[in-house]
1. Scan (1) farther than 17 Å from residue 120 by Cβ; (2) open to solvent by 80 Å² or more (accessible area, probe 1.4 Å); (3) of a type in the set (A, V, I, L, M); (4) at pLDDT below 75 for the single condition residue 5 breaks and write down its number.
2. List the number of the failed condition for residue 117; all other conditions in (1) surrounded by fewer than 16 Cβ atoms within 10 Å (Cβ to Cβ); (2) under 30 Å from residue 44 (Cα atoms); (3) not small (Gly, Ala, Ser) hold.
3. Please find, among 69, 109, the residue that is surrounded by 12 or more Cβ atoms within 10 Å (Cβ to Cβ) and among the small types (Gly, Ala, Ser).
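The values are calculated or read from the model by the stated rules, or taken from the named source; none is laboratory data. Treat the numbers as computed from the prediction; the structure is a model and nothing was measured. Reconstructed Cβ throughout: ideal geometry from the backbone, glycine too, with neighbour counts over all protein chains shown. Accessible surface areas use protein heavy atoms only, side chains included; no ligands, DNA or RNA. Shrake-Rupley method; radii C 1.70, N 1.55, O 1.52, S 1.80 Å.
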Amino acid sequence: EKLLLGKGVDALIPLESDEGLEWDYSIFEALLQDEAILQECRLYLACVRLLDWDISEPLSEMMTTEWVASRQQDLKDHGDSGRKLHSDMFQLWLTLARLLSVSYGETKATQERWDEMRQIERLRLRRLDTLVTP
């Protein structure tokens with residue numbers, strides 16, 4: 001299935017999930033067809049990018065430790081040729097954690113949002129595996 005994100009922009013997004021989540025995508029389809037709503041979403045995302053976001057030193061150390069452990073596990077599981085966690089993934093994780101935090105109106109990183117982001121990322125990677133695996 002394709003989800004239209006804007007004029008001339010589309011993305012392949014798996015709409016089925018083995019996690020038992022039930023989503024009514026017709027709501028999103030209707031919203032995404034409304035140019036005014038799309039413009040408001042774009043404005044929101046542009047403003048969110050400008051917000052300050054802080055990470056405490058202990059949380060930063062925990063995030064780094066978790067990243068290193070994840071990379072080591074990925075190497076054991078997949079070897080160099082099949083690695084899923086490339087070096088730029090940590091930056092992606094930080095960005096996702098930041099966006100998740102600010103979506104809750106928070107300007108500081110928390111363990112709760114980090115864990116939530118990691119769970120979402122695990123589900124995303126699992127769905128990608130089902131798309132790639134024959």
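1. Going through the list (1) farther than 17 Å from residue 120 by Cβ; (2) open to solvent by 80 Å² or more (accessible area, probe 1.4 Å); (3) of a type in the set (A, V, I, L, M); (4) at pLDDT below 75, residue 5 breaks only (2).
2. Here residue 117 clears every test but (1).
3. 109
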